[in-house]
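S.K.: Before we start, here is the structure in question, set down as structure tokens.
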Amino acid sequence: MLKRVMAVLTIVVVVVLFASTAKYLQHQWQQPLKIDAEGYHLEIGSGQTLRSVVAKLEADGIYQNGWMLSRYGRWTGLDQQIKRGEYLVPTGTTPVALLRLLQQGKVIRYQVTLPEGITVVKALQILAQNAELEHELSGVDDEKIKTLTRSRASAEGLFFPDSYQFERGASDWDVLSRAHAAMTVILEEEWQGREQELPYKNAYEALIMASIVERETGQPAEREEIAGVFVRRMSKGMRLQTDPTVIYGLGDTFDGNLRREHLRDDNNVYNTYRHKGLPPTPIALPGRAAIHAALHPNEGASLYFVAKGDGGHYFSESLAEHQAAVRKYQLQRRQDYRSSPAKQ
């Protein structure tokens, strides 16, 4: 009888201990990790295991029952599904929620913006100054860039200006490659939907025109009108006579003051006051709206425009009307036709 009672008591004790232990472990498992309000930055490298992640959590005082996390990960197979990257683990995250976060790969995403109308040199400067990107490119003459632009005299204009998101470990080359791929697709789409009887031999010439439109436009609503002026001038065999192309050709020597001698310089191949037709390459990175405008110019008779000083332009059909507008809006003081701030 005594033996039977002892056996029953033993079973009861074991059950109670098991239940208490299970309750304790469940409590520990459901407790949030020790993360403050700013969150916890966790970076997982390629090939890093859950065991090493657990070791870091313990070393940082985030979670002291790492064995539970390791066991759970192994039992569920989640230890084989964690993804590399940089994570911001929010306060209140439980151990199982952390594993799900690592499995889903919800890493921190950064962003870099290449504004419309900048040059490729400026774009490379923006990428070089981004602290989150890895840096592989040495400049515009880098061999990697040349692999993308071998069929062109210049890399200018071949990269789509936009905001690009990326994860830790991405490089400037990764972003620039994406920008090149985006421009290739967008330019082809716009070229296929172009108006007929435009004075462009190919999509690249349209890209050159788009870059000029981009640099000349201060008010978005005027893009198609500005494009219309340039298209009509080309069709009539008139020189484009646009300041931004001259300035681009001057490069680093331009000091902000466009002089008469610059407009008379035959050696500047981008001088559209001296050379007919389009310049040899784009002069900036045009956005999609500028590309669309170059391929869908407004119909009309205007052949000239001048900046009014409010971001917009006055458009004229005759030289006499244009000269009167110059006197009115620029008060005998020559300014460039750009209505937008100078971009580099």
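The values are calculated or read from the model by the stated rules, or taken from the named source; none is laboratory data. This is a predicted model, so every value here is computed, not measured. Methodologically, a virtual Cβ is constructed for each residue, glycine included, from the backbone with ideal geometry; neighbour enumeration extends over all protein chains shown. Each accessible area value is taken on the protein alone, full model and side chains, heavy atoms only, with ligands, DNA and RNA left out. Shrake-Rupley method; radii C 1.70, N 1.55, O 1.52, S 1.80 Å.
S.K.: Which one of these does Gly249 not meet: (1) touching a residue at least 60 places away in the same chain (Cβ under 8 Å); (2) within 23 Å of Leu114 (Cβ to Cβ); (3) surrounded by fewer than 22 Cβ atoms within 10 Å (Cβ to Cβ)?
M.R.: Unmet for Gly249, out of (1) touching a residue at least 60 places away in the same chain (Cβ under 8 Å); (2) within 23 Å of Leu114 (Cβ to Cβ); (3) surrounded by fewer than 22 Cβ atoms within 10 Å (Cβ to Cβ): (1).
S.K.: Quick one: would you say Asp243 is touching a Lys or Arg at 6+ places or on another chain (Cβ under 7 Å) and either among the charged types (D, E, K, R) or surrounded by 14 or more Cβ atoms within 10 Å (Cβ to Cβ) (or both)?
M.R.: So Asp243 fits the description; yes.
S.K.: Does Lys56 satisfy being under 32 Å from the mean Cα position of the chain (by Cα) and modelled with pLDDT of 85 or more?
M.R.: Criteria not met by Lys56.
S.K.: Then there's this: For the stretch 99-123, name all the residues that are under 30 Å from Ile208 (Cβ atoms), open to solvent by less than 60 Å² (accessible area, probe 1.4 Å) and in a strand (DSSP E or B).
M.R.: Passing the criteria: only Val112.
S.K.: Restricting attention to the stretch 249-261, does a residue exist that is in contact with a Leu (Cβ under 9 Å, 6 or more places away or on another chain) and modelled with pLDDT of 95 or more?
M.R.: no
S.K.: If you don't mind, there's one more thing I want to ask. Name the residue, out of Glu156, Glu167, that is under 19 Å from the mean Cα position of the chain (by Cα) and within 30 Å of Glu43 (Cα to Cα).
M.R.: Among Glu156, Glu167, only Glu167 is under 19 Å from the mean Cα position of the chain (by Cα) and within 30 Å of Glu43 (Cα to Cα).
S.K.: Select from the stretch 257-289 the residues that are open to solvent by less than 50 Å² (accessible area, probe 1.4 Å) and of a type in the set (Val, Ile, Thr) and write down the one among them that is nearest to the chain's Cα centre (by Cα).
M.R.: Residue satisfying both the conditions and the ranking: Ile283.
S.K.: Taking the stretch 63-98 as the search range and keeping residues that are among the small types (Gly, Ala, Ser) and under 26 Å from Phe166 (Cβ atoms), which one is least open to solvent (accessible area, probe 1.4 Å)?
M.R.: Once the filter is applied, the top-ranked residue is Gly85.
S.K.: Collect the residues in the stretch 35-62 that are open to solvent by 70 Å² or more (accessible area, probe 1.4 Å), in contact with a strand residue (DSSP E or B) (Cβ under 9 Å, 6 or more places away or on another chain) and in a helix (DSSP H, G or I), keeping them in residue-number order.
M.R.: Once the filter is applied, which keeps residues that are open to solvent by 70 Å² or more (accessible area, probe 1.4 Å), in contact with a strand residue (DSSP E or B) (Cβ under 9 Å, 6 or more places away or on another chain) and in a helix (DSSP H, G or I), the stretch 35-62 yields only Lys56.
S.K.: What is the one condition in (1) without any contact (Cβ under 8 Å) to a residue 40 or more places away in the chain; (2) in a helix (DSSP H, G or I) that Val231 does not satisfy?
M.R.: (1)
S.K.: Could I ask something else about it? State all residues of the stretch 124-177 that are in a helix (DSSP H, G or I) and closer than 23 Å to Glu205 by Cα; if no residue qualifies, say none.
M.R.: Ile145, Lys146, Thr147, Leu148, Leu176, Ser177
S.K.: Hey, another quick one. Just give me the residues in the stretch 135-157 being open to solvent by 20 Å² or more (accessible area, probe 1.4 Å) and in contact (Cβ under 8 Å) with a residue 60 or more places away in the chain, in sequence order.
M.R.: Arg152, Ala153, Ser154, listed by residue number.
S.K.: Mind listing just one residue for me: the one in the stretch 214-232 that is acidic (Asp, Glu) and open to solvent by less than 40 Å² (accessible area, probe 1.4 Å) and, of those, nearest to Ile291 (Cα to Cα)?
M.R.: It comes out as Glu214.
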